[in-house]
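J.: Right, I'll just put the structure down here and ask away after.
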Amino acid sequence: MIKDYQTVTEIAGPLMLVSGVSGVKYQELVEIYLPSGEIRQGQVLEVDEDRALVQVFQGTAGIDIPQSKIRFLSKGITIPLSKEILGRVFDGLGRPRDGGPAIIPDLWQDINGAPINPYAREYPDEFIQTGISAIDGLNTLVRGQKLPIFSGSGLPHNRVAAQVVRQAKVLGKEETFAVVFGAMGITFEEAEFFQKDFSTSGALARTVLFLNLADEPAIERIATPRAALTAAEYLAYECGMHVLVVLTDMTNYCEALREISAARKEIPGRRGYPGYLYTDLASNYERCGRIKDKNGSITLMPILTMPEDDKTHPIPDLTGYITEGQIILSRSLQRKKVSPPIDVLPSLSRLKDKGIGKGKTREDHSDLFNQLFAGYARGKEAEELQVILGEAALSEMDRLYLKFANEFEQKYVSQGEYEDRSIQQTLDLGWELLQLFPRVELKRVRDEYLEKYWTKQGQGKSKIEPIENKTTEEKTE
Amino acid sequence: MKETKGTIVKVSGPLVVANGMAGSKMYDVVRVGDQKLIGEVIRLEGDLASIQVYEETGGIGPGDPVYPTFEPLSVELGPGLIQAIYDGIQRPLNIIREQVGDYITRGIDIPGLDRKKRWHFKPEKKAGDKVKLGSVIGSVPETELVTQKIMVPPGISGEIVEIKEGDFTVTEPIARIKTDDEEKEIYMMQRWPVRRARPYQAKLPVSQPLPTGQRVIDTFFPIAKGGTACVPGPFGSGKTVIQHQFAKWSDADIIIFIGCGERGNEMTDVLLEFPKLTDPKSGQPLMKRTVLIANTSNMPVAAREASVYTGITIAEYFRDMGFSVALQADSTSRWAEAMREISGRLEEMPGEEGYPAYLSARIAEFYERAGSVRTLGDSDKTGSLSVIGSISPPGGDLSDAVVQATLRVVKVFWSLEDKLAFARHFPAISWLNSYSLYTDTVKDFFAEKVAKDFFDQAKAAMLLLEKEAELEEIIRLVGKDSLSPSDRLILEVARSIREDFLHQNAFHEIDTYTSLSKQSAMLDLILYFYEKAKDTMEKGADITDIEKLAVLERIARMKYIPENELEKIKKIKGEIDSELSKLTQTEEVK
Ligand SMILES: Nc1ncnc2c1ncn2[C@@H]1O[C@H](COP(=O)(O)OP(=O)(O)OP(=O)(O)O)[C@@H](O)[C@H]1O
Ligand SMILES: [Mg+2]
């Protein structure tokens, strides 16, 4: 039943109140016909007796109270899906923006999706080789995982994401995979970068893009990740493909939510973001995963820029509480020319434990990363101490750890943007760096692996040498 | 009563307001819309009822019907609970998947207990026996680990007229009881409203420890059977792993694990892993003592609010049988946020951080349902219910309203520090900030069952750690060189306590669980080393040589010694002696 009204009674920010309605349902799709002929889309946020509160995706500027016609469509927001979406570019609401033909749908799907039954989930445990040591070796990504990149403005998160898209593979398997890319409020230039990169690497034909650019309607961004994930679910579970979803920039998405919340005069949570931000983000992020008896999978890599590089800002904070780890980029590593500037200490992949080890990567992987982490952490502590007290304050052992930390950053974390390291290379590199230490320091590795991997590389280089090349931040600048 | 029906006037997210609801009571269950979504009345004003709906409300609108049930939100209790996985309102997720597929659709109505399955009921009472509320009339072996007691449900007491052994479904009568005015049939299943604590005869002081196999917890910050604990920490600091470790290795008879607004994969993890792990006591799969409640973050927020009550009611039911039950709620912050969301939609006056003013009251009520009790019925059973809640404060900030409200009621505080987690020191429980108010309670038990001096060892080790923190301060100011050799030894030993004892890898097949005797042996060895090294230094040995001893590596590896080879830990003492004595010998030769 389609219902038309001309009874807009109030407009506030992106919201519009329509009165005298009947039979309107919560979350119903709305079309707004302006006198100019323009048609906008909206969605019912609340219905109270005969008043419907509507959020307008393209904003309310120019909406005319007496003359605009409001049509309630008796359905939620749906997008058309078929395999033809591959290679296509849509706007933030899922309408073609590449000049191509309309999609002839296999099915129409509501973009809100439904919660996956936790009992239907398959645990993600297949190692994805990204070719980036800081990820594969220390923060291993697995298929079906949600692993965000926490970045800051000006840091190369787009390049890291593009490198992952280019290089990601599951070893020993030939499978169909696809990329779904959802952009919320990124610049034209950034969007161009991704499109070009996908096209050079040949990924474009297997990619679906949903683009909402910086100068496009902000409220539409609320729909964009949902549309992207709906497409991903279709490709993964209806077409059996392995889908990598990149969503950028979640910070813009959250700001759109905040705008709606403020317009509704809701009691704000921290920094003005709505109290339900956690639940809202989770309803997006949790759509990723694997399902029992289904071939496909959805791996999710949301990107967000942390305001003021602050990890405790509500957006990264709540994201971290939902995702299965995080990759954090650091400005100080960027300054040291470490590329990609992945700060491995606060970064974490929580699903790594089930994705690594014998038969997946290598038996020694787990012990090795524990040792590398411990060593790097202690080296960074020594570095701090050195900054405060000077080098003289460091013990011999501290100096050794400091040296290790520097080598670790320069050789292990840092690698070329087009360097695709195999997991064997990454692991061996780790053992090589551990040659620096005497055996008693390697407590996190069990004996048999020490014998097998560490001794093999010809231990004994563990003499403590004076550090010549102090890489403090000032020096490298 | 004639069929009544209300009409929706407002829909705002999970909150629906309906009129024509006179006759409904607070917390009554209602069915909303033509799809009969499940909801609960949470406010009444005249004939207007505000209803929180446990399913998504998209597509619902004014004019749609609301059907009252006049029953409070309740759970079904009886055989079939163990090994189940439920959503927040006790709908079995495995059956939901069988019936509607991989996604949870709306309007699903499946009872909590299987109506078809037959269980073998064995009477423990006979005709003519007098029974009352809580009396055990028989039992049902449910799994190899759990034999359920069948208890007389509320409202019934009198004389057994008939009771039969045999295979029954949960809704077939197993006995008849003659009360004052009539004869009542008894079934294996009973119902209980989730928001009301189940009754008991008396609360008892807690006295027994609840060992967890986690060294930092058992040795330094133990929890007691019937006790309460909280684990606050920023994301990724290890709350869920601690809760899982607890569910796996704690010495409880029954585990109720509530995934409250957290990740779907974490529930899958439990479902996959628990059947494979075996209980150290019985050798049976751990799943056979476990009930899971999974209302993950993407499932409806109102059902998340209900999930902790569903879980704790099931827990109390097992407590009433005389079991020691441990309940984990991961994470109570998500429960509090669900309360906040509903409260905001009700336009209630907000308290701190937008949480409703009744937040601390609800939290206190919840933890108050824990405890050690003398149960109802005619035999003097005691049962206990321990509750461990994780808390996810924004930015890890402990001044958060949920943390503060919880700390006012719980007795154990395991404080997780992100600094430790970054350094991969797990469990990232801060040894300086955490506390347990049960240390004295369990002291005697440890002295008797583990080692006479266990408590003193723990105290000595803690002193060294505290001393280490002081020394670290000094180092930060003036550097390590200013330390005396004996201070350097303290640093070395404290490091060993941290790395070789407190650090425990949950994913290592041996390290994941440590018995109390092994904990005691490990601590004893480290302290033995300390004493001996001190002596040796007094005899003139140099601290730098001590720091390089090969036996330190042996100490570091003692955590990997299997439980059945514990004598190997003691043997390291011999190596300590011989290596240390070599140091003074060379001194003398010089
Ligand atoms: N005892 C442990 N042994 C080894 N690794 C651990 C241990 N505890 C935590 N970890 C590591 O830390 C990661 C994060 O732990 P966990 O998932 O428990 O964090 P959390 O505090 O529950 O985070 P969130 O609040 O986001 O749910 C784990 O995936 C694991 O890699
Ligand atoms: Mg957790």
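J.: I'd like to check something: does the stretch A:332-355 contain any residue that is within 10 Å of chain B (Cβ to nearest Cβ), on the phi > 0 side of the Ramachandran plot and without any contact (Cβ under 8 Å) to a residue 24 or more places away in the chain?
T.: Taking every residue of the stretch A:332-355 in turn, none turns out to be within 10 Å of chain B (Cβ to nearest Cβ), on the phi > 0 side of the Ramachandran plot and without any contact (Cβ under 8 Å) to a residue 24 or more places away in the chain.
J.: When residues of the stretch B:247-268 are filtered for being closer than 24 Å to B:Val216 by Cβ, within 14 Å of chain A (Cβ to nearest Cβ) and part of a loop (DSSP other than H, G, I, E, B), how many remain?
T.: Summing the residues that are closer than 24 Å to B:Val216 by Cβ, within 14 Å of chain A (Cβ to nearest Cβ) and part of a loop (DSSP other than H, G, I, E, B) in the stretch B:247-268 gives 1.
J.: Looking at the stretch B:539-590, what helices (runs of 4 or more DSSP H) fall wholly within it and have at least 3 residues that are surrounded by fewer than 13 Cβ atoms within 10 Å (Cβ to Cβ) and at pLDDT 90 or above?
T.: So the answer is B:567-589.
J.: A further question follows. Of the numbered conditions (1) within 16 Å of ligand 2 (Cβ to nearest atom); (2) under 20 Å from A:Leu247 (Cα atoms); (3) assigned to a helix (DSSP H, G or I), A:Asp353 fails exactly one; give the number of that condition.
T.: (2) is the only condition that A:Asp353 fails.
J.: Looking at B:Leu346 and the list (1) surrounded by fewer than 21 Cβ atoms within 10 Å (Cβ to Cβ); (2) modelled with pLDDT under 95; (3) within 16 Å of ligand 1 (Cβ to nearest atom), which single condition is not satisfied?
T.: It is condition (3) that B:Leu346 fails.
J.: Same structure again: If you go through the stretch B:48-100 one residue at a time, how many are away from every other protein chain (no Cβ under 12 Å), out of contact with any Gly (no Cβ under 6 Å at 6 or more places or on another chain) and farther than 26 Å from B:Arg198 by Cβ?
T.: Total meeting the criteria: 4.
J.: Still on this structure, I have one more. Only one of A:Ala374, A:Ala405, A:Ala382 is in contact with a Gly (Cβ under 8 Å, 6 or more places away or on another chain) and more than 16 Å from ligand 2 (Cβ to nearest atom); which?
T.: Of the residues listed, the single one that is in contact with a Gly (Cβ under 8 Å, 6 or more places away or on another chain) and more than 16 Å from ligand 2 (Cβ to nearest atom) is A:Ala405.
J.: Tell me, yes or no, whether the stretch A:306-323 has at least one residue that is more than 16 Å from ligand 2 (Cβ to nearest atom) and within 23 Å of A:Asp420 (Cβ to Cβ).
T.: Looking through the stretch A:306-323, none of the residues is more than 16 Å from ligand 2 (Cβ to nearest atom) and within 23 Å of A:Asp420 (Cβ to Cβ).
J.: Here are the criteria: (1) surrounded by fewer than 20 Cβ atoms within 10 Å (Cβ to Cβ); (2) touching a strand residue (DSSP E or B) at 6+ places or on another chain (Cβ under 6 Å); (3) modelled with pLDDT of 90 or more. Tell me which single one A:Glu175 does not satisfy.
T.: Result: A:Glu175 fails condition (3) only.
J.: OK, next. Among the residues of the stretch A:265-281, are any assigned to a helix (DSSP H, G or I) and closer than 20 Å to A:Glu417 by Cβ?
T.: Scanning the stretch A:265-281, I find no residue that is assigned to a helix (DSSP H, G or I) and closer than 20 Å to A:Glu417 by Cβ, so the answer is no.
J.: Which residue is farthest from A:Ser395 (Cα to Cα), if the candidates are limited to the stretch B:493-512 and must be within 11 Å of chain A (Cβ to nearest Cβ) and away from ligand 1 (no atom under 14 Å from the Cβ)?
T.: B:Asp500
J.: Further question on the same structure: Within the group A:Tyr321, A:Tyr278, which residue is touching an Asp or Glu at 6+ places or on another chain (Cβ under 8 Å), within 8 Å of chain B (Cβ to nearest Cβ) and within 26 Å of B:Asp269 (Cα to Cα)?
T.: When all the criteria are applied, what remains is A:Tyr278.
J.: Report whether or not A:Glu49 is free of Cβ contacts under 8 Å to residues at least 60 places away in the same chain, surrounded by fewer than 22 Cβ atoms within 10 Å (Cβ to Cβ) and over 22 Å from A:Ile222 (Cβ atoms).
T.: yes
J.: While we're looking at this one, here's another question. Which members of the stretch B:217-246 meet the condition of being within 12 Å of ligand 1 (Cβ to nearest atom), part of a helix (DSSP H, G or I) and either polar (S, T, N, Q) or buried (at least 24 other Cβ atoms within 10 Å of the Cβ) (or both)?
T.: Residues satisfying the conditions are B:Ile217, B:Lys239, B:Thr240, B:Ile242, B:Gln243, B:Gln245, B:Phe246.
J.: Sticking with this one: Which of the residues spanning the stretch B:81-130 are crowded, with 19+ Cβ neighbours inside 10 Å, closer than 30 Å to B:Val32 by Cβ and aromatic (Phe, Trp, Tyr)?
T.: The one that is crowded, with 19+ Cβ neighbours inside 10 Å, closer than 30 Å to B:Val32 by Cβ and aromatic (Phe, Trp, Tyr): B:Tyr86.
J.: Show me the strands (runs of 3 or more DSSP E) entirely contained within the stretch B:14-64 in which 3 or more residues are touching a residue at least 12 places away in the same chain (Cβ under 8 Å) and under 31 Å from the mean Cα position of the chain (by Cα).
T.: Qualifying strands (runs of 3 or more DSSP E): B:28-32, B:37-45, B:48-53.
J.: Are any residues in the stretch B:232-267 within 13 Å of ligand 2 (Cβ to nearest atom) and of a type in the set (S, T, N, Q), and if so, which ones?
T.: B:Ser237, B:Thr240, B:Gln243, B:Gln245, B:Asn265
J.: How many residues, within the stretch B:395-419, are in a helix (DSSP H, G or I) and either more than 10 Å from chain A (Cβ to nearest Cβ) or within 16 Å of ligand 2 (Cβ to nearest atom) (or both)?
T.: Within the stretch B:395-419, residues that are in a helix (DSSP H, G or I) and either more than 10 Å from chain A (Cβ to nearest Cβ) or within 16 Å of ligand 2 (Cβ to nearest atom) (or both) number 10.
J.: Return the total of residues in the stretch A:285-337 being within 16 Å of ligand 1 (Cβ to nearest atom), part of a strand (DSSP E or B) and hydrophobic (A, V, I, L, M, F, W, C).
T.: Selection size over the stretch A:285-337: 4.
J.: Residues that are more than 29 Å from B:Ser372 (Cα to Cα) and either in contact with a strand residue (DSSP E or B) (Cβ under 8 Å, 6 or more places away or on another chain) or of a type outside the set (A, V, I, L, M) (or both): list the strands (runs of 3 or more DSSP E) wholly contained in the stretch B:85-199 that include at least 1 such residues.
T.: B:119-123, B:158-163, B:166-168, B:173-178, B:183-187
J.: Check A:Cys254 against each of (1) modelled with pLDDT under 95; (2) out of contact with any Gly (no Cβ under 8 Å at 6 or more places or on another chain); (3) assigned to a helix (DSSP H, G or I) and name the one condition it does not meet.
T.: With respect to (1) modelled with pLDDT under 95; (2) out of contact with any Gly (no Cβ under 8 Å at 6 or more places or on another chain); (3) assigned to a helix (DSSP H, G or I), A:Cys254 is out only on (1).
J.: State yes or no: is B:Thr171 of a type in the set (S, T, N, Q), more than 16 Å from ligand 2 (Cβ to nearest atom) and over 28 Å from B:Asp378 (Cβ atoms)?
T.: No, not satisfied.
J.: B:Lys467 fails exactly one of the following numbered conditions: (1) within 16 Å of ligand 2 (Cβ to nearest atom); (2) in contact (Cβ under 8 Å) with a residue 12 or more places away in the chain. What is the number of that condition?
T.: (1)
J.: Still on this structure: Would you be able to tell me the number of residues in the stretch B:312-365 that are touching a strand residue (DSSP E or B) at 6+ places or on another chain (Cβ under 9 Å), away from ligand 2 (no atom under 16 Å from the Cβ), hydroxyl-bearing (Ser, Thr, Tyr) and within 14 Å of chain A (Cβ to nearest Cβ)?
T.: Of the residues in that region, 1 qualify.
The values are calculated or read from the model by the stated rules, or taken from the named source; none is laboratory data. Everything numeric here is computed off the predicted structure, so don't read it as measured data. Using ideal geometry, Cβ is built from the backbone for each residue, glycine included, and neighbour counts are taken over all protein chains shown.
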